[in-house]
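This report concerns only the one structure given below.
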Amino acid sequence: MELNLKNVGLMGRLDDISILSTVQQIAIFLSSKGLNVILESSLAEKFEPQYQAQWQVSRLKMMGEVCDLVIIIGGDGCFLGAARALSQHKTPVIGVNRGKLGFLTDILPQQVESQLTAILAGDYTIESRFLLECQVKRAGSPVGNGSALNDVVLHPARVVQMIEFELYIEGKFVYTQRSDGLIITTPTGSTAYALSGGGPIMHPSLDAIALVPMFPHTLSSRPLVVPANSEIKLIIGASKLTAPQISCDGQQGIQLEVGDVVYVNKKSHKLNVLHPLQHNFYEVCRSKLGWSSRLT
C-alpha cells in the first residue's frame, strides 16, 4: 500500500559528522518528492543556518504528532531513543544504518534513495514491535518509571556484587535468586544485551518476554520465556550492596532500595517499523551474528 505522506521527520545521532551528510542527502531527496522535511531540533542545530532555513524544525516530543513518517539515521542505540519517544504515536519509522550492527536500522546509506523510493511507492513490509514499561514503588508509592524497546535490566550499578530478589509472574511466586541481576527482554531486545547473557533469540513477531538471569548463583537457573501480557514483579531483598539499579534500554537507572517493588508490563502502544520488501530477519542474523551460509 502506497504511503500517504506529507510531513517526514528526520532524527539522528549527534556525535558523528558523517551522519549529517546522510541526513542532508535524505532531506534533499524527500524535498524533491514534494514532501515537507522536519528535522528534530537538536539535529537541526548541527547544520549551518542556510541549510536550517530549508527545512522545518520540531522538538523530539512533538515529532510523533507532526510527522506522518520518521526516518532515524544512526545505530541501534539512536533507534531505541527515538522509539521510546515515538511509541505513543502511530507514526511509522524507518532506520538508516550509520552504526555498527544495525539490527534495527537496516537500510544502508549507499542504498537509501533507491530503498526509500520503493518504500514511498508502497513496496515495504511493516512490523509492530511492543515495548515494556517499568514502574518502581517504595512503600506503595511510585518513585520512578521508564519504558524500553529492548530490555529492562536489574543490575548492581557500579559495584560488582550479587543482588537478591524475588520474582513473581502474574502474582505467582517463581523463585528467590542471588545473581548479578536480571534481563527482562522483548523479542526486539533478544539479539542485544540478553543474547550476550545466554538468552534465546526470539523472532520479532512473537508476543513473548524472556527473563535472562545474569550469572546466577545456581546452575539450575535458566532463561524463562513467558507470555508478553504477563505482569512481572521483582521484590528487592537484603544485600550488602546498597544501590542496585533498574535501567531501561541502558539509559540512566532508577536507584533501588531494600523492599522496593519493580513492576514490568507490556506497554499498550506499539512501534510500527517499515522495512524494504527484501528484509529477512534470518538473513540479518546470519550477517550480523556470523551464522554459516548455505552449503555449496
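Region 16-69 holds helices (runs of 4 or more DSSP H) entirely within its bounds, and those carrying 1 or more residues that are touching a strand residue (DSSP E or B) at 6+ places or on another chain (Cβ under 7 Å) and open to solvent by 40 Å² or more (accessible area, probe 1.4 Å) map to 17-32, 60-66. Among the residues of region 118-165, those identified as in a strand (DSSP E or B) and basic (Lys, Arg) are Arg129, Lys137, Arg138. Among residues belonging to region 219-267 that are more than 19 Å from Ala157 (Cα to Cα) and without any contact (Cβ under 8 Å) to a residue 12 or more places away in the chain, point out the one that is least open to solvent (accessible area, probe 1.4 Å). Only one residue fits best here, namely Ser220. For region 148-164, the set of residues classified as more than 14 Å from Ile232 (Cα to Cα) and touching a strand residue (DSSP E or B) at 6+ places or on another chain (Cβ under 7 Å) consists of Ala148, Leu149, Asn150, His155, Pro156, Ala157, Met162, Ile163, Glu164, listed by residue number. When the residues of region 1-32 are filtered to those that are within 17 Å of Leu86 (Cβ to Cβ) and small (Gly, Ala, Ser), the one that is nearest to the chain's Cα centre (by Cα) is Gly12.
Any residue in region 145-154 that is of a type outside the set (S, T, N, Q) and surrounded by fewer than 19 Cβ atoms within 10 Å (Cβ to Cβ)? Looking through region 145-154, none of the residues is of a type outside the set (S, T, N, Q) and surrounded by fewer than 19 Cβ atoms within 10 Å (Cβ to Cβ). Every condition in (1) within 23 Å of Ile126 (Cβ to Cβ); (2) touching a Gly at 6+ places or on another chain (Cβ under 9 Å); (3) of a type in the set (A, V, I, L, M) is met by Leu20 except one, and the failing one is (1). Restricted to region 107-117, and to residues there that are open to solvent by less than 70 Å² (accessible area, probe 1.4 Å) and not in a loop (DSSP other than H, G, I, E, B), the residue that is nearest to Glu231 (Cα to Cα) is Ile107.
The values are calculated or read from the model by the stated rules, or taken from the named source; none is laboratory data. The structure displayed is predicted, hence computed values, not measured ones. All Cβ positions, glycine included, derive from the backbone under ideal geometry; neighbour counts span all protein chains shown. Accessible surface areas use protein heavy atoms only, side chains included; no ligands, DNA or RNA. Shrake-Rupley method; radii C 1.70, N 1.55, O 1.52, S 1.80 Å.
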